[in-house]
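**Student:** Structure below; questions to follow.
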Amino acid sequence: MHELAETLRDANDTSKKRFTIKWISAHSDVDRNERVDQEAKKAAKGMSSRMSELPNILHRTLPISKSALIQAAKAEVKVKWKAKWSGSKRAQWYHSLDEQFPPKRYRKVMRSTTRPLACALTQIRTGHIPLNEWLHKRKLAESDMCDQCDENKKESTHHYLFACKAFKQHRQKMDKGHKRAKRNLKSIFSSEKFTHILLRYVAATERLKVKQVPTPDAELPGRQR
């Protein structure tokens, strides 16, 4: 802009000439438009031309935008948090169950089901679930073995959901609904529909003291998401 102003000022016989300034959209294919865009970005970062090249009105410091400072601070915190989260053990464990973060599908399912089932879903995802393996570690159960079947297996989340013979009939129905995603929590959590089917299994077994029936089939999402 200063270059143009100086060119016009130094041009000969400009007294009889008229100049018109027109607004041009940022994405227009106009010569020097990219240069203008770069200079605008420099100005936004606080970079400026030499004071001697600026008109008097621009010699003063520009006012600071409070909203811009807040926005920049939030963006910086978000970047730092993302870097810290990505390198943590919790992130590795979390992504073994769900690639989506933040977990939009999980929150959507939580809003569309009952409170007891929402609680059960969180327990399954976190591993803090009132089954004997978890309870025994916290001295809340005498044994970590499954007392629902005679398989002599620890009552883990995986055993309860995908192996315990006591819930074979309920599991067959769940597997039929899950199709290729059956018995794979990561694949199940990748779909709102599949997650609701899992919750129906939880409700039907009553192992987690959840008896409420979740979203009926007719109200489930019609496609995987």
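Laboratory data are not the source of any read-out in this text; all were calculated from the coordinates shown. Remember, predicted model here, so these are calculated numbers, not experimental data. Counting neighbours? That spans all protein chains shown, and the Cβs are built from the backbone with ideal geometry, glycine included.
**Student:** Given the peptides 100-107, 113-120, 73-80, 150-157, arrange them by the average over their residues of other C-beta atoms within 10 Å, most packed first. All intermediate terms of the calculation are to be shown ahead of the outcome.
**Tutor:** Values: 100-107: 13.2, 113-120: 18.0, 73-80: 10.0, 150-157: 15.5.
For the peptides 100-107, 113-120, 73-80, 150-157, the packing ranking is 113-120, 150-157, 100-107, 73-80.
**Student:** Could you compute the net charge surrounding Arg125? Neighbours are other residues with a C-beta less than 15 Å from the C-beta of Arg125; K and R count +1, D and E count -1.
**Tutor:** Values: positive: Arg90, Lys104, Arg105, Arg107, Lys108, Lys186; negative: Asp98, Glu99, Glu192.
After counting each charged neighbour, the total is +3.
**Student:** May I pose another question? Can you work out the Karplus-derived ³J(HN,Hα) for every residue in segment 121-126? Use 6.51 cos²θ - 1.76 cosθ + 1.60 with θ = phi - 60°, whole Hz, and x for glycine or proline.
**Tutor:** Values per residue, Gly and Pro as x: 4, 5, 4, 5, 5, 8 Hz.
**Student:** For Lys154, which sequence-distant residues (separation of 5 or more, or a different chain) have an amide H within less than 5 Å of its own amide H, given hydrogens modelled in the peptide plane?
**Tutor:** Hits under the 5 Å cutoff: Cys146.
**Student:** At a 10 angstrom cut-off on C-beta neighbours, averaged per residue, how do the peptides 85-91, 171-177 rank from highest to lowest?
**Tutor:** Numbers: 85-91: 10.3, 171-177: 16.0.
Highest to lowest by the protection proxy: 171-177, 85-91.
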